[in-house]
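The values are calculated or read from the model by the stated rules, or taken from the named source; none is laboratory data. Not measured: the values here are computed from a predicted model. As a convention, Cβ positions derive from the backbone with ideal geometry for all residues, glycine included, and neighbour counts pool all protein chains shown. Note: areas computed on protein heavy atoms with side chains; ligands, DNA, RNA excluded. Shrake-Rupley method; radii C 1.70, N 1.55, O 1.52, S 1.80 Å.
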Amino acid sequence: MSTRNCQRCGATFTPTRSPHGLCPRCLLAVGMRGPDELEPERPRRAPDLEAIAPLFPELELVAPIGEGGMGFVYRARQRELGREVALKLLAREHADTPSFAERFRREARTLARLSHPGIVAIFDSGERGGWFYLLMEYVDGANLRDLMKSTPIESKQALSIVSQVCAALQYSHDQGVVHRDVKPENVLVDREGRVKIVDFGLARLLAGDRGAFALTGSHQVMGTPHYMAPEQWEKPQAVDHRADIYALGVVFYELLTGEMPLGRFDAPSKRVEVDVRLDDVVLKALEKQPERRYQRASEVQVDVDSIAAGAGTPLVRVPDVATTAPTPPTFGTAAWLAFSALGLVFVCAAIALWLIAPLHFGTSAANAWRNVALGLGVAGLVAGFVARGRLKRRPDYAEARRTRGVHWTDAAPALVAASGGIGLACAGLSKPNHPATEFLWLASAGLVVVGTLSWLVRLVQGWLGARGVRTHAPAGPAASNERRSAAPAAEFRASSRGSLVTFGLVLFVGIYFLSSSLGFVLGELVSGTLSTANGPSLVYATVLQMVFGVPCLIAGWHALGLSSRESPVWSRAGVSSFDVVLALFAILAIASLTTWGAVAWNTGTWTPFVHGTLNLLASAALVARRIAWWPRAYLPPPTSV
Amino acid sequence: MSASPPPRENFAPTRWSLVWSAGHASTPTARAALSELCAAYWYPLYAYVRRQGHDPHAAADLTQSFFARLLERNDFAAAEREKGRFRAYLLAALRHFLSDERDRANAVKRGGAANVFSLDFEAAEGAWREEPVTHETPERAFERRFAEELLARALGRVERGYAERGERRTFAVLARTLTAPGDASHDDLARELETTAGAVKVAAHRLRERWRAALREEVADLVATPEDVDDELAALFAALSD
């Protein structure tokens, strides 16, 4: 909320929390200095352009462009060549020992030897007016830290950056130069995406002989804590190129996940959706013992490049499941009643319709009505199961079943049976020998039977439960509640797999209905029999299918998020439960197509054939989309923890 | 660190070495020392638990239960190897405790854990809300809060010293020179304190010396041997660095 950055060290802190509003980092740094260093130091402010310009007459200083632990950087132009350069002045407090000038010369010569497209070139160095300086290649771009802050970095870009860093590091290691301070601030990326590493070896130069914890002023100069390999903490003077590989691993982890690998950290693929093979690369680079790490930067590059060749999926940040565990959805009473009633009525109506269709309608119309029955049945089952599942998750339901054995919703089957009774009475009063009457008879009888049976089952269960007999397979709802709070992620994963099947079914019911009704219209057109030859019932059936089909299609499409490439339907690796439903539907479509093809050929009835063709086309379109968007690399399910 | 090093003669027993030399806080003195340390550093633990994603109520509950278990039994075997440093020990023990809690998943039943301290969780939650929304890990939240707590205690120690000598005002004025020696000139400070620039310079120097001593004392209280003080300071510094 009310944070600010320390003007001296740049650290972020909350003044209201820190003692006397002082920057805690600076406060600690002051306390860490030896007794002989307690005199106030010179303020670390970038010198003004006017103060520096006279020292560098051959340069036209343009603007200060950066300031860090190392010193101050200015953008400049060489008057003679007109070339853009970067002038780096080393902070003066580093240069306070007599041996510094000699060491600086030595290091600068080593750095000047490095000539690689991935390393910022050094043009000149020396001392002017008490400032040690380096004249370097100017990179028109930004450092990786700023890039990470400003834009999300896609995995493809991250791999390209890491690969280039590896190439540059391998080159410098071959020249015997260890960077010692690889971090996002020291990796520059120009406008073409080319990577250039800066500040080679400066960490050692500036640390001198003082060791890892040589802290001058308010900053630390021997590497940056979180990027330092374990051995760099222990023996800062004895590190080799493998310390760079560790730091590279930290940068890589940060690029992929946006976080630092601190403490016991997760593998990258557990934080974000990335190729799991990258886990091995990152974790091997981050091995605590140098012997177990990658031994050469080029090895990292080879692995990264081979993964990059097969991966093109953008990085998708997923929410941290551990902290934002979704609660499983539940139903309110009204929704539960509506869904259960709809489910039961649909199922009973479907059975009734299926039975009476061939008795009262011609072949075409009977088939159409049986389609309606099938669709009704599936829709009813889905609605019923959804209602039942979501009711069981309600705390009041679980509590009631545990303590009393029954919940008031257990009385609902009695209501169903009663409504079936009303239906039977109505049927008795209706016109006999009419399809609608028979339908009402059958459906109402179904409701009575189902309602009565399930009411009896509940009563027995409640009676046994109240006597302490376990009637639930898992050890009571209380136990399942505990499991849920212990593993909310696993719970959600399971339910999302279930929802893929459920909404997959809803989607296919929609497709089936629509293709059936369209098939009727087209088929009759093809056969030239689009008339009242089959009576008005075929038209009713067709309209009914439309009425059921459109909402099912819309609901399934929306719930599965089919428009988005990130939908689990498209992005899940391996065979998802939706794939199974899709495959079953496609097989059904093919089977019906061959059968009805023969029928159409022999009898000239084209309706079922067109219906099957449409089903097949729809499933083929879904399969094609699935193949086109198939995740090339293995992507774990987004909720894995 | 297989055995707790005995306090040496030239090193006055610190609270933390007291706890361990006594063997798992079994004596009343050791228990008092441990509970004093816990009372001082509970906010970092609360921050850790909150950052783990627990709501304020659960976090307060978990923090109290943790202290109860720490003081009653102190049986965090996993934290044994960290016993050289209070900070590392505390974090390891808390992690251990939280994973136990998760395993038992009895967060609902636990409810009325005995309150060991009267901790002002409302104020803590207020402080927590004051904090910036960051993506720092629970470990990092803990380390940072711990360092801040320690600094506040050390500075409080210095301030009390000044107050006892009746120089509260001198401290208040000079405190800001601790971290920003160049920002205010000695002349300005001298005017404010109605003294001379030379005196201010000396006073500021003395304050820095006292600060340094107080900080080291505070850290020494939390480690087992004096050799560990520098390492601990470096670790705390790392925790405060970005």
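So here's what we get for this one:
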read-out	value
Search result, residues across segment A:535-569 that are open to solvent by less than 20 Å² (accessible area, probe 1.4 Å), closer than 15 Å to A:Ser499 by Cα and not aliphatic (A, V, I, L, M)	A:Gly556, A:Ser567
Elements of type strands (runs of 3 or more DSSP E) in segment A:118-166, at least 2 residues being more than 28 Å from A:Val302 (Cβ to Cβ) and either open to solvent by 50 Å² or more (accessible area, probe 1.4 Å) or of a type in the set (S, T, N, Q) (or both)	A:122-128
Number of the exception - A:Pro432 against (1) modelled with pLDDT of 80 or more; (2) not in a helix (DSSP H, G or I)	(1)
Near pairs, Cβ below 9 angstrom, 6+ apart or cross-chain, from segment A:583-596 (assigned to a helix (DSSP H, G or I)) to any residue that is open to solvent by 90 Å² or more (accessible area, probe 1.4 Å)	A:Ala583/A:Val575; A:Ala589/A:Leu617
Single match in A:Arg75, A:Arg109 (criterion: part of a strand (DSSP E or B), among the basic types (Lys, Arg) and open to solvent by 30 Å² or more (accessible area, probe 1.4 Å))	A:Arg75
Output for segment B:227-240, where each listed residue is in contact with a helix residue (DSSP H, G or I) (Cβ under 7 Å, 6 or more places away or on another chain), at the interface with chain A (Cβ under 8 Å from one of its Cβ atoms) and crowded, with 18+ Cβ neighbours inside 10 Å	B:Leu233, B:Leu236, B:Phe237, B:Leu240
Complete set of residues in segment A:76-90 that are at pLDDT below 90 and under 17 Å from A:Leu188 (Cα atoms)	A:Lys88
Residue list for segment A:7-63, restricted to those being modelled with pLDDT of 80 or more, of a type in the set (D, E, K, R) and not in a helix (DSSP H, G or I)	A:Glu58, A:Glu60
